[in-house]
1. How would you classify region 1-134 from its alpha-carbon gyration tensor, with a ≥ b ≥ c the square roots of the eigenvalues: rounded for a/c under 1.5, else prolate if a/b is greater than b/c, otherwise oblate?
2. For the chain, what is the relative contact order in percent, using Cα pairs closer than 8 Å and at least 6 residues apart in sequence?
3. Just to confirm the number: angle between the C-alpha axis of helix 320-329 and the first principal axis of the chain, 0 to 90 degrees, nearest 10?
4. Report, to the nearest whole %, how much of the accessible area of the chain belongs to carbon and sulfur atoms, 1.4 Å probe, protein only.
5. Send over a whole-number figure in Å² for the accessible area per residue of the chain, probe 1.4 Å.
6. Picking from His203, His216, His70, which is most flexible by a Gaussian network model of the chain using Cα springs under 10 Å?
7. What Kirkwood hydrodynamic radius do you get for region 307-384 when you take the inverse of the mean 1/r over all pairs of distinct Cα atoms, in Å?
8. So which lysines can Lys254 reach, going by Cα to Cα under 27 Å and dropping same-chain residues fewer than 8 places off?
Amino acid sequence: MWAELLPVGRSASSGGYRRFAWNSADAECRAWFEEQARSRGLTYELDRNGNQWAWLGDPSGEGAVVTGSHLDSVPDGGAFDGPLGVVSSFAALDELRLRGAEFSRPLAIVNFGDEEGARFGVACVGSRLSAGVLSREQAFELRDADGVRLPDAMERAGHDPGAIGADGDRLARIGAFVELHVEQGRYLTQGQPVGVASAIWPHGRWRFDFHGEANHAGTTRIEDRRDPMLTYANTVLAARKKAKLAGALATFGKVAVEPNGTNAIASLVRGWLDSRAADERTLDALVEEIRQAAYERGARDGVRVELTRESFTPVVDFDSPLRDRLAKLLGNVPVLPTGAGHDAGILASVIPTAMLFVRNPSGVSHSPAEHAEEPDCLAGVAALADVLEDLACQP
């Protein structure tokens with residue numbers, strides 16, 4: 001399975017992945033998922049929001065146990081973030097069949113669409129729509145960098161965008177969702193290869209618009225300039241400093257410049273901030289401090305600054321009885337928090353969810369250097385199989 005999926009959407013120049021929502025690489029990943037489902041005799045479904053489901057047992061049954069993750073990537077992302085969870089889910093099912101497990105509840109494997117938000121700027125679109133966290137109206141307003149609307153991209157890929165929206169009936173039939181994911185950090189490097197998640201830090205994305213005045217780079221005096229690049233650069237540095245002081249995280253990882261000419265002073269710089277903290281109070285205070293730094297520097301530079309919050313996920317505490325049950329089942333493995341968002345975090349507001357992490361030796365993620373050793377991945381499969389057997393095979 002891993003060998004089949006590995007080449008899909010991989011850049012020859014960077015070695016990273018460019019599997020973005022509803023593009024050709026995404027379509028190949030979807031075709032792979034459907035093939036894996038049908039080859040195992042599972043019932044394949046595509047839900048109203050474009051999420052893929054592979055069912056063992058009655059899809060309309062109650063108390064279903066669901067596992068899975070996503071197959072899309074960030075720009076030039078790594079091979080493990082998302083796909084490890086999906087591949088491990090199919091492998092865990094194969095393991096349970098080898099064990100002769102008898103299922104007392106429906107079991108499903110899911111591939112949630114557009115988890116990374118690389119194309120339309122909002123993370124976890126598929127699970128947010130299903131949980132009712134993202135409305136149909138909001139989804140219809142999402143556009144990519146080329147101005148293509150989300151519903152148009154879905155339609156071009158053969159999916160009916162008119163059907164998208166909250167999927168409460170489906171989620172109400174799910175008794176538990178367990179997502180396996182490569183660790184995005186180095187907590188497990190000194191211990192066991194598998195851990196259980198305790199919580200997800202609150203996090204969000206904010207867009208800063210720095211409005212200046214376009215002019216000639218070679219003829220405009222320094223004192224006559226209204227250069228938004230200066231305000232942007234100062235804001236990036238301020239974000240780093242203030243995040244360090246707060247014990248939090250702040251990253252400007254995406255920028256767009258107009259007119260984007262080497263010999264031109266920019267008229268507009270847009271920078272996207274990703275910020276995360278252990279609690280919402282700290283996060284709110286940090287973003288406000290960054291905003292104040294941007295406005296104060298903008299006033300000095302003659303630059304108007306606008307701030308827009310594009311997405312936000314509050315702190316997620318995973319279902320404590322389920323979390324504790326899994327940690328004990330797996331031999332009292334480490335229980336650790338994470339600063340990364342996941343579909344399991346979105347669904348936690350409506351169904352019991354849990355996460356398993358597989359050791360990442362370097363801690364690197366969202367990069368072609370992302371890696372997990374094969375023995376650790378196999379340990380993850382065995383752990384997930386144990387968890388699914390405990391949840392779906394009990395009387």
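1. Details: a/c = 2.32, a/b = 1.41, b/c = 1.64.
Oblate, since a/c reaches 1.5 and b/c is not below a/b.
2. Relative contact order of the chain: 23 percent.
3. Taking the Cα atoms of the chain, the angle to 320-329 is about 60 degrees.
4. 49
5. 43
6. In this elastic network of the chain, the residue with the biggest mean-square fluctuation among His203, His216, His70 is His216.
7. 14.5
8. Counting by Cα, and skipping residues close in sequence, Lys254 has these lysines nearby: Lys241, Lys242, Lys244.
The values are calculated or read from the model by the stated rules, or taken from the named source; none is laboratory data. Note that this is a predicted model, so its numbers are computed, not measured. Positions of Cβ are backbone-derived with ideal geometry, glycine not excepted, and every protein chain shown enters the neighbour counts. To get the accessible areas, we keep the full protein, side chains included, count just its heavy atoms, and leave off ligands, DNA and RNA. Shrake-Rupley method; radii C 1.70, N 1.55, O 1.52, S 1.80 Å.
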